[in-house]
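I have placed the structure first, in the form of structure tokens, so that the comments after it can refer back to it.
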Amino acid sequence: MLREQCIKHINSNINGVIKITEQQRTYWLKIGGEDKSNFICKLSSVAGQFNLLSCFQSKATMNSWSRFEHEKSVLLYLNSIGFQVPKIALEGKRFFVTPDKGQPLSQVEAERITDDILMQLFNLFIKLHNADIAHGRPALRDILIDRHNQLSLIDFEESIMHASPKLKARDIYLLLMDLCRIKQVTIEQKRKALCYWKRQVSDEYWQSLIGIHQLLRKFKPLAHGVLYFKKNNKLSQQLIETCHLFDTFL
């Protein structure tokens, strides 16, 4: 029945992620073909070819089918080493299905994002990076929490195998930026989590993270300018808050 539901959606020429319920269990069907190659992604990809701007490297300009197959292979590999990702329950040429692993952190009550959850979150990325993989564009919507408060990661389309320390450090910077969406997470909590991460990784990772900060803080005046005209611009707010975190940390 599950396969039949999947085929029905695929034959409807839908792509993306679809929620399916089968025998009172929830699954997520991912169908390949979504085009994510917009102007910003292309610009990031070009910038990433230069060593100074390599932290902007992106796989979003890859062919949609290549991205899809890449994500599937990364999920299978991470499953094989026991990493916290959903297992592929069913797969085919254009799709794969994973069981539901909870809510995205972007949708849960802010009170659930405790110090313990933050430590678990940073440990999750430490484990991912120790497997020599960078997520590529981590966001709270890609981090799931189940009813037992266990975390798992999804959406590996832009993940990078054999990633450099700079690309792994970029994961951490983007993660800190997206945590700004949860106003109840204080700068002190983020500082504590960052201190923990620093103690667990080599100095090369830390220096890479500082290098990213020093590059992006050059855009801080631009972010302030954007907020002058668009007071609710999330990206500018996140950049300014994250720069402030590092400026008070160093």
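One table, with the values for the structure above:
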read-out: Residue among ASP100, ASP155, ASP171 with the largest mean-square fluctuation in a Gaussian network model of the chain, springs linking Cα atoms under 10 Å; value: ASP100
read-out: Cα gyration tensor, the stretch 98-190 - rounded (a/c under 1.5), prolate or oblate; value: oblate
read-out: Residue-normalised accessible area of the chain, given per residue in Å² at a 1.4 Å probe; value: 53
read-out: Net charge contributed by nearby residues that have their C-beta within less than 14 Å of LEU235 (K/R +1, D/E -1); value: +4
read-out: Highest-fluctuation residue, LYS30, LYS231, LYS72 considered, GNM on the chain with Cα pairs under 10 Å; value: LYS231
read-out: Candidate values (i) 114, 38, 35; (ii) 56, 40, 39; (iii) 109, 40, 31, label of the one derived for Cα extents along the principal axes in Å; value: (ii)
read-out: Listed residue pairs exceeding 27 Å between alpha carbons, taken from LYS19/LYS93; LYS101/LYS190; LYS72/LYS230; LYS30/LYS166; LYS30/LYS127; LYS190/LYS218; value: LYS72/LYS230; LYS30/LYS166
read-out: Residue with peak Gaussian network fluctuation, the chain [Cα springs, cutoff 10 Å], from LEU121, LEU239, LEU227; value: LEU227
read-out: Average Cα contact separation per residue, the chain, under 8 Å, 6 or more apart, as relative contact order %; value: 15
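The values are calculated or read from the model by the stated rules, or taken from the named source; none is laboratory data. Since we're looking at a predicted model, the values are computed, not measured. So basically every Cβ, Gly included, is an ideal-geometry build from the backbone, and we count neighbours across all protein chains shown. Note: accessible area is taken over every heavy atom of the protein model, side chains too, but ligands, DNA and RNA are not part of it. Shrake-Rupley method; radii C 1.70, N 1.55, O 1.52, S 1.80 Å.
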